[in-house]
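**Q** So that we are looking at the same thing, I have put the structure below in structure tokens.
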Amino acid sequence: MKHVKNLIVGAGFSGATLANKIATELNEEVVIIDAKNHIGGNCYDYYDHNGICIHQYGTHIFHTNLKNVWDFVSQFTKWNPYMHAVKGLIDGQLVPIPFNLNSIHQVFPKSIADKLETKLIDTFGFNVKVPILKLRGTGDKDLEFLADYIYEKIFLHYTLKQWGMKPEDLDPAVTGRVPVYISRDDRYFQDKYQGIPLQGYTKVIEKMLNHPNIKVHLDTKFETIKNDITYDRLFYTGPIDEFFDYELGELPYRSLKFDFVEFDKPYFQSGACINYPNNYDFTRIGEYKYFLDDKSDKTVVSFEYPQSFKRWENERYYPIVKDENGELYAKYLEKAKALPNVYFLGRLGDYKYYDMDKAINRALELFETLKG
Ligand code: FAD
Ligand code: UDP
């Protein structure tokens, strides 16, 4: 029976952040395992034969308002100061998403657009973000017309594809991630810090894990080693329900199928991400060379097809944020609390819709509690 001081399950951003902090600041041994044949979890990227940096699990853009997180990650990379902008195909036109004042002027005749703009600013103010579910409840007939339009053209059919549910059947925070923005700012995120690591995400995580105290074992599932290893502390960034062998039931997830296609032309579309709320079965197309301005005569895109998650068939990508799922997670958390020196974290361990910065911040906060 082997004994390790710190065993970390999962070499994504959550596990790698914690491994780095324990190794460097506590000067303790860390063994980090991952079931996959690569580090990086869902942020894994690689350079293909055209020299294009491909994000294997869909487009990843780093954005945060958390200075501590930005400073932490910046120890391991320089950044391409990329600002993400998304357009959606609405009635044959590519319009800015989040839907904003520019979008309004693009899809409506000037007289109507001017009136809607004035009403929005009078009601909510300028430079304000309004979730679609809130915009639907103003009671003003012009704003309700606008809200119905945006709901139908941007949110309803995309959300049905992405989640198999209507927006109102999900936690409002999900569609609230992409609010209507009373602004002329066409960027997808307004965070203070945004960018793409200059050599990609995998390199960042490789550097985090490059420490004499850290040993990485790939192709290693926790279940296959758990009876042969003991530890002082276990940090588990895998699915919490799987850890407990689903004894309270399965936590639902949404999955995706990515169809990667290479085209023999320099560019396929006008930006890194185009959404298709109403057409086709995919939700969006990502074009990878935009992120680091990779130079090639070819280009690679991915078509993103949402799927329900099924164990053994596909991967868990999104926790489904709904009250009843939160209640099941809370029951697992109760069981987790009874285990001494076992900690759950990460998108799967916490069952939370974390962006990269929130996953990293969670790991940094957990580390602070270890220091005592
Ligand atoms: P993960 O990356 O999922 O890592 C968990 C690791 O644990 C995996 O490598 C897995 O193989 C391993 N593991 C699980 N169970 C076991 C086990 N039993 N034994 C061994 N290993 C195990 N965030 C952003 O900030 N910006 C974006 O633009 C963005 N885009 C996204 C697009 C998509 C399509 C998706 C799905 C997510 C996106 N995210 C984005 C979120 C981002 O991917 C997550 O925040 C981040 O990956 C969370 O890291 P993690 O380490 O918690 O989890
Ligand atoms: N959404 C939508 N239409 C869009 C973009 C987003 O309806 O054009 C909704 C949809 O429910 C989606 C959610 O807003 O799941 C969050 O979108 P985001 O782009 O943040 O999703 P992610 O990048 O995490 O897949």
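FYI, it's all coordinate maths here, none of it is from the lab. Quick caveat: nothing in here was measured; it's all calculated off a predicted structure. Neighbour counts are summed over all protein chains in view; Cβ atoms, including those assigned to glycine, are modelled from backbone coordinates with ideal geometry.
**Q** If N is the number of residues in the chain, what value comes out of its Cα radius of gyration divided by 2.2 N^0.38 Å?
**A** Computed over Cα atoms of the chain, the ratio equals 1.05.
**Q** List the lysines whose alpha-carbon lies under 17 Å from that of Lys134, not counting same-chain residues fewer than 8 positions away?
**A** Of all the lysines, those that pass the test against Lys134 - Cα under 17 Å, at least 8 places apart if same chain - are Lys119, Lys153, Lys166.
**Q** Separate question: According to the Kirkwood expression over distinct Cα-Cα pairs, how big is the hydrodynamic radius of the stretch 144-237, in Å?
**A** Working: mean 1/r = 0.0536 Å⁻¹.
That comes to 18.7 Å for the stretch 144-237.
**Q** Given points 7 Å out from each Cα along the Cα-Cβ axis, report the Asp259 to Tyr280 separation in nanometres with one decimal.
**A** 0.8 nm
**Q** Could you give me the ³J(HN,Hα) list for the stretch 89-103, computed from phi with Karplus coefficients 6.51, -1.76, 1.60 and θ = phi - 60°, whole Hz, x at Gly and Pro?
**A** 7, 10, 6, x, 10, 8, 10, x, 10, x, 4, 9, 5, 5, 4
**Q** Mind checking the alpha-carbon convex hull of the stretch 185-227 and giving the volume per residue in Å³? If you can, show how the numbers build up before the last one.
**A** Numbers: hull volume 7.1 nm³, N = 43.
Here the figure is 164 Å³ per residue.
**Q** Please report, in debye to the nearest 20, how large the charge dipole of the chain is about its Cα centre when each Lys and Arg carries +1 at its beta carbon and each Asp and Glu carries -1 there.
**A** So the dipole magnitude of the chain works out to roughly 500 debye.
**Q** Please report how far the C-alpha centroid of the stretch 89-149 lies from that of the stretch 231-256, rounded to the nearest whole angstrom.
**A** For the stretch 89-149 versus the stretch 231-256, the Cα centre distance is 41 Å.
**Q** Quick one: compute the contact order of the stretch 1-135, relative version, from alpha carbon pairs under 8 angstrom and 6+ residues apart, as a percent.
**A** Details: 100 pairs, mean separation 16.0, N = 135.
So the answer I get is 12 percent.
**Q** Cα centroids of the stretch 179-201 and the stretch 1-77: how far apart, whole angstrom?
**A** 22 Å
**Q** Here's another thing I want to ask about it. Using only Cα atoms and rounding to the nearest 10 degrees, what angle (0 to 90) does helix 110-124 make with the longest principal axis of the chain?
**A** Between helix and principal axis, roughly 50 degrees.
**Q** Taking the Cβ-Cβ separation of Asp142 and Glu315 as r and a Förster radius of 35 Å, what is the calculated FRET efficiency to the nearest 0.05?
**A** Working: r = 44 Å, r/R0 = 1.25.
Efficiency, from the Cβ-Cβ distance: 0.20.
**Q** Tell me the volume per residue, in Å³, of the convex hull enclosing the alpha carbons of the stretch 33-153. Please list the in-between numbers first.
**A** Working: hull volume 23.7 nm³, N = 121.
In the stretch 33-153, the Cα convex hull volume per residue is 196 Å³.
**Q** May I pose another question? Sequence neighbours fewer than 8 away in the same chain don't count; with that in mind, list the aspartates and glutamates whose C-alpha is under 16 Å from Lys331.
**A** Asp241, Glu242, Asp245, Glu247, Glu250, Asp323, Asp350
**Q** Among Lys21/Lys322; Lys203/Lys335; Lys257/Lys298, which pairs are too far apart, with a Cα-Cα distance over 30 Å?
**A** Details: Lys21/Lys322 33 Å; Lys203/Lys335 36 Å; Lys257/Lys298 22 Å.
Distance filter (> 30 Å) returns Lys21/Lys322; Lys203/Lys335.
**Q** Which angle between 0 and 90 degrees, to the nearest 10, do you get for helix 141-150 versus the longest principal axis of the chain when only C-alpha atoms count?
**A** For 141-150 against the chain, the angle is about 50 degrees.
**Q** Shifting gears a bit: Relative to the compact-globule scaling 2.2 N^0.38 Å, provide the ratio for the alpha-carbon radius of gyration of the stretch 41-108. Kindly include the intermediate steps, with their values, before the conclusion.
**A** Details: Rg = 16.5 Å, N = 68, 2.2 N^0.38 = 10.9 Å.
Scaled against compact globular proteins, the figure is 1.51.
**Q** Hey, another quick one. Using a simple charge model, +1 on the beta-carbon of Lys and Arg, -1 on the beta-carbon of Asp and Glu, nothing else, what dipole does the stretch 209-364 show about its Cα centre, in debye to the nearest 20? Show your work: numbers first, answer last.
**A** Values: 22 positive and 27 negative charges, 66 e Å.
Approximately 320 debye in magnitude.
**Q** Follow-up. For the cross-link pairs Lys226/Lys352; Lys129/Lys192; Lys78/Lys358, which exceed 22 Å when the distance is taken from alpha carbon to alpha carbon?
**A** On the way: Lys226/Lys352 25 Å; Lys129/Lys192 16 Å; Lys78/Lys358 20 Å.
Distance filter (> 22 Å) returns Lys226/Lys352.
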